[in-house]
Amino acid sequence: MSTRDTVAVLAGAVIIASLLGQSHSTPQAAAASPLHNGDGVRSGLAPLTTATERRQAADLIATLRTRPMGARRGYDRLRYGDNWTDTAPGVPYARNGCRTRDDLLARDGHDVTRDGCTVTAIRLDDPYTGQTVTRPADIQVDHVVPLSYAWYMGARGWRMSKRLDFAQDPLNLLPVLGTANEAKDGSGPAAWLPPRRAIRCAYAVRFAQVALKYKLPVTPGDKSVMLRQCR
């Protein structure tokens, strides 16, 4: 066997071994601007810092429809299907064999290690607080437009397939520090904004993008607060 053939065989063996291994580590790209991430498949949430970006953000938010908050009754998490199900009919990552939570941690984390689908190690730069999180157990995946908020604003009248998409859509999902997500609960922007001020305009844009995609109104107070973050 020639030296070239020997090198080729060894290289092939390395590739096969890596494919057969259960765990792999994946570096991730820098956080993306929400203005250039309309389908939510790019990593994270980057601040909007230039005057042009903030003007574009305010113009987008200005297109939102408003209505008063609906009656706060009838909401149940199961109205949106099973938690992190892979069976949503019309959003990215659906039906790829992995839970939505693990798809999102892999999308936004750095130095991600997975055992099959499950994320076992990660470094996450939390967009809401600016903290670095290194334990998967400390991370929760936030619905930017909360499921209960959507229910009270009109989702109670949607088909189940649309609610399933809404709950699993990467555009509406951000892995964040669990305590920040718990502080937010089901609040709209008038009641809760990320503690990290630099990200608030980008957060408002993402909230608006989700509401516009699903033709969901926001309250007048929420729209007013969202506009102020980008001016």
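Within the stretch 124-144, the only residue that satisfies the criterion of being in contact with a strand residue (DSSP E or B) (Cβ under 9 Å, 6 or more places away or on another chain), open to solvent by 50 Å² or more (accessible area, probe 1.4 Å) and part of a helix (DSSP H, G or I) is ASP138. Tell me which of these ASN181 doesn't satisfy, since it passes every other one: (1) assigned to a helix (DSSP H, G or I); (2) more than 23 Å from THR49 (Cα to Cα); (3) open to solvent by 30 Å² or more (accessible area, probe 1.4 Å). For ASN181, the failing item is (3). One residue stands out in the stretch 10-46 among those that are surrounded by 11 or more Cβ atoms within 10 Å (Cβ to Cβ), of a type outside the set (Gly, Ala, Ser) and over 26 Å from ASP165 (Cα atoms): the one that is modelled with the lowest pLDDT, namely HIS24.
Can you say whether LEU78 is outside any loop (DSSP other than H, G, I, E, B) and at pLDDT 95 or above, as far as the supplied structure shows? Answer is yes for this residue. If you filter the stretch 81-104 down to residues that are assigned to a helix (DSSP H, G or I) and charged (D, E, K, R), you find that the one that is surrounded by the fewest Cβ atoms within 10 Å (Cβ to Cβ) is ARG101. Of all residues assigned to the stretch 52-68, none qualifies as being farther than 19 Å from PHE207 by Cβ, in a loop (DSSP other than H, G, I, E, B) and either open to solvent by less than 70 Å² (accessible area, probe 1.4 Å) or at pLDDT below 95 (or both). Look at the stretch 200-217: where a residue is of a type in the set (D, E, K, R) and a partner is open to solvent by 10 Å² or more (accessible area, probe 1.4 Å) and at pLDDT 95 or above, sitting 6+ places away or on another chain with Cβ atoms under 7 Å, you get ARG200/LEU193; ARG200/GLN229.
Pairing residues of the stretch 138-151 that are free of Cβ contacts under 8 Å to residues at least 12 places away in the same chain with residues that are open to solvent by less than 10 Å² (accessible area, probe 1.4 Å), at Cβ distances under 7 Å and at least 6 apart in sequence or on separate chains, gives no pairs at all. Taken together, the residues in the stretch 153-178 that are buried (at least 20 other Cβ atoms within 10 Å of the Cβ) and of a type outside the set (A, V, I, L, M) amount to 8. Among the residues of the stretch 105-148, the ones that are closer than 24 Å to ARG197 by Cβ and not β-branched (Val, Ile, Thr) come to 16 in all.
The values are calculated or read from the model by the stated rules, or taken from the named source; none is laboratory data. Model, not experiment: these values are computed from the prediction. All Cβ positions, even for glycine, are placed from backbone atoms using ideal geometry, and neighbour counts span all protein chains on display. The protein model used for the area step is the full one, side chains on, heavy atoms only, and it has no ligands, DNA or RNA in it. Shrake-Rupley method; radii C 1.70, N 1.55, O 1.52, S 1.80 Å.
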